[in-house]
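The values are calculated or read from the model by the stated rules, or taken from the named source; none is laboratory data. Note that this is a predicted model, so its numbers are computed, not measured. Cβ coordinates were reconstructed from backbone atoms using ideal geometry, including for glycine residues, and neighbour counts include every protein chain displayed.
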Amino acid sequence: MKYLNSLVLLLLISCGGGEVRRDSENVPYRTSGVEQFFLPELPTWTNFSSSGQCFKSSSFHYLDFSKLSSQYQLSYVEMIELQAQYNERIENYFRSTAVRFLKPVEEASFFSNTLEQVRGGVRHIKLPKVTDVDVIWIDSFLQENKMSELKKMMEAGRFNENLPLLFSSCLSHQGLVQLVAENNLEDAGFYFLSAETLSAFGSDFVLKPGLRVELAKIFDPKIKFKLLTSNPKLLPTEIVLP
């Protein structure tokens, strides 16, 4: 099942053609005109991280970086930001209403407004000027029921040494914020890198197997990243370290 997620994604992309079709009973057909910039949505049963052993907290909308680059000349960072901010905006909208899908006019508005913000320089994924960052893969701690270890690390001052970046293969930004609050970890001062930042495209805008994010391309390449997991044998396939 290791490569099932990426395989299904590639099959859906190759079979999608010029139009993106949806299960009419669950998700409305895209007619807003922005559908050309979205990859087909994964079925719920494949919306899964094999390394994190978790289902994605949302049915994230993944963008076609190749088409976006051609149409808008966006950089890799800008496209990661666009995808992350768009998905976060949708999640916030759904949290505030009983509606669970977007109308075409809403979809077009959300996309164009988010695109305008990103092109205007709005950044949600950023770190202060530092040289050392601990990338804490939260899914491994959840997988092994070791969240209490993070609390002990915080109380021992572990996260005062290097800047702590909390990464999740499955949780959204809002999901990470909620998880930190539920476990009384607010004082750790975590920065977040959530599942909305994962993409089927690399920084070269070429389709890759699986979902991933390249840290050296979205943060300062001079930063030294250290991966922190609950078990040295557990490693995330979704994150590319320098």
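Restricting to the stretch 71-107, count the residues that are polar (S, T, N, Q) and assigned to a helix (DSSP H, G or I). Give the steps one after another, and end with the answer.
Filtering the stretch 71-107 down to residues polar (S, T, N, Q) leaves 71, 73, 75, 83, 85, 87, 92, 96-97.
Applying the additional criterion that residues be assigned to a helix (DSSP H, G or I) yields 71, 83, 85, 87, 92.
Residues in the stretch 71-107 being polar (S, T, N, Q) and assigned to a helix (DSSP H, G or I): 5 in total.
Considering only residues of the stretch 98-141 that are among the aliphatic types (A, V, I, L, M) and more than 29 Å from LEU227 (Cα to Cα), which is surrounded by the fewest Cβ atoms within 10 Å (Cβ to Cβ)?
First, the residues of the stretch 98-141 that are among the aliphatic types (A, V, I, L, M): 98-99, 102, 105, 108, 115, 118, 122, 125, 127, 130, 133, 135-136, 138.
Remaining after also requiring more than 29 Å from LEU227 (Cα to Cα): 98-99, 102, 105, 108, 115.
On the way: ALA98: 5, VAL99: 10, LEU102: 20, VAL105: 10, ALA108: 17, LEU115: 20.
Only one residue fits best here, namely ALA98.
Return yes or no: is SER57 over 21 Å from ASP220 (Cα atoms), not in a helix (DSSP H, G or I) and not β-branched (Val, Ile, Thr)? Spell out the reasoning first.
Numbers: over 21 Å from ASP220 (Cα atoms): yes; not in a helix (DSSP H, G or I): yes; not β-branched (Val, Ile, Thr): yes.
For SER57, the condition - over 21 Å from ASP220 (Cα atoms), not in a helix (DSSP H, G or I) and not β-branched (Val, Ile, Thr) - is met.
Tally up the residues in the stretch 108-138 that are more than 17 Å from SER172 (Cα to Cα), of a type in the set (D, E, K, R), touching a Phe, Trp or Tyr at 6+ places or on another chain (Cβ under 9 Å) and in a loop (DSSP other than H, G, I, E, B), please.
Looking only at that region, the number is 0.
Assuming LYS103 fulfils every condition listed in (1) within 21 Å of PHE48 (Cα to Cα); (2) touching a Pro at 6+ places or on another chain (Cβ under 8 Å); (3) modelled with pLDDT under 95 apart from one, which condition is it?
(1)
Before we move on, is SER140 polar (S, T, N, Q), touching an Asp or Glu at 6+ places or on another chain (Cβ under 7 Å) and on the phi < 0 side of the Ramachandran plot? It would help to see each step written out before you state the result.
Numbers: polar (S, T, N, Q): yes; touching an Asp or Glu at 6+ places or on another chain (Cβ under 7 Å): no; on the phi < 0 side of the Ramachandran plot: yes.
For SER140, the condition - polar (S, T, N, Q), touching an Asp or Glu at 6+ places or on another chain (Cβ under 7 Å) and on the phi < 0 side of the Ramachandran plot - is not met.
Restricting attention to the stretch 224-242, does a residue exist that is crowded, with 19+ Cβ neighbours inside 10 Å, over 26 Å from MET154 (Cα atoms) and of a type in the set (A, V, I, L, M)?
Scanning the stretch 224-242, I find no residue that is crowded, with 19+ Cβ neighbours inside 10 Å, over 26 Å from MET154 (Cα atoms) and of a type in the set (A, V, I, L, M), so the answer is no.
crowded, with 19+ Cβ neighbours inside 10 Å, modelled with pLDDT of 90 or more, assigned to a loop (DSSP other than H, G, I, E, B) and hydrophobic (A, V, I, L, M, F, W, C): does that describe LEU68? If you could, list the steps in order and put the result at the bottom.
Numbers: crowded, with 19+ Cβ neighbours inside 10 Å: yes; modelled with pLDDT of 90 or more: yes; assigned to a loop (DSSP other than H, G, I, E, B): no; hydrophobic (A, V, I, L, M, F, W, C): yes.
In short, no.
Do you know which residues across the stretch 21-59 are of a type in the set (A, V, I, L, M, F, W, C), buried (at least 17 other Cβ atoms within 10 Å of the Cβ), modelled with pLDDT of 90 or more and under 27 Å from ASP139 (Cα atoms)?
Within the stretch 21-59, PHE38, LEU39, PHE48, CYS54 qualify.
List every residue pair whose Cβ atoms lie under 8 Å apart, where the two residues are 6 or more positions apart in sequence or sit on different chains, the first residue falls within the stretch 141-152 and is part of a loop (DSSP other than H, G, I, E, B), and the second residue, located anywhere, is modelled with pLDDT under 95.
GLU144/ASN231; GLU144/LEU234
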